[in-house]
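Reading through the structure tokens given below for one structure.
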């Protein structure tokens, strides 16, 4: 998946951040850097990071004990009260330590449901496919390995 900087988000009127789509795993068990793990998608939110759209997909590790109880953001709030708000607050403020302004959360400052998360994932995957096929305006900016 990839967020295309030449594609404007219809709601925020901003463009993608030229990075892969980000996933935030909500369990309490840390995963080592680079770990590949199966997750259950729960929702998402749209970080507006220095004038760019930077989607965050919210998920839970399927091996986590909470995974069986969580199927939506409402479930996260029920069993992990405040967790999504904590995550969004962190992403809003983490760059302030560098002297940068606070980020914003698009779409009215709300976390968005599972259906929107799947839409975001599908869109970002399509943008990645266009990048590697050489269709995206950005394709010349990246080295794409030959087939």
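Each value in this text was obtained by applying a stated rule to the coordinates, not by laboratory testing. As the structure is a prediction and not an experimental result, all values here were calculated from the model. Counting neighbours? That spans all protein chains shown, and the Cβs are built from the backbone with ideal geometry, glycine included.
Values for this structure:
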{"quantity": "Helix 114-133 vs. the chain, principal-axis angle (Cα, 0 to 90°, nearest 10)", "calculated": "30 degrees"}
{"quantity": "Gaussian network model of the chain, springs between alpha carbon atoms under 10 Å - residue of 51, 108, 99 with greatest fluctuation", "calculated": "99"}
{"quantity": "Read-out mean projected area of the Cα convex hull in nm², derived from the coordinates shown; its label in (i) 11.9; (ii) 10.0; (iii) 11.4", "calculated": "(ii)"}
{"quantity": "Fewest-first sequence of 45, 118 by Cβ atoms within 10 Å of each Cβ", "calculated": "118, 45"}
{"quantity": "Most mobile of 18, 83, 69 in a GNM of the chain (Cα contacts under 10 Å)", "calculated": "69"}
{"quantity": "Exposure proxy order (Cβ contacts within 10 Å, fewest to most) of 72, 136", "calculated": "72, 136"}
{"quantity": "DSSP bridge orientation in segment 15-141 - percent antiparallel, rounded to nearest 5", "calculated": "70 percent"}
{"quantity": "Part-to-part distance (alpha-carbon centres) for segment 1-74 and segment 85-108, which is given in Å", "calculated": "15 Å"}
{"quantity": "Gaussian network model of the chain, springs between alpha carbon atoms under 10 Å - residue of 109, 71, 34 with greatest fluctuation", "calculated": "34"}
{"quantity": "Helix 83-93 vs. the chain, principal-axis angle (Cα, 0 to 90°, nearest 10)", "calculated": "40 degrees"}
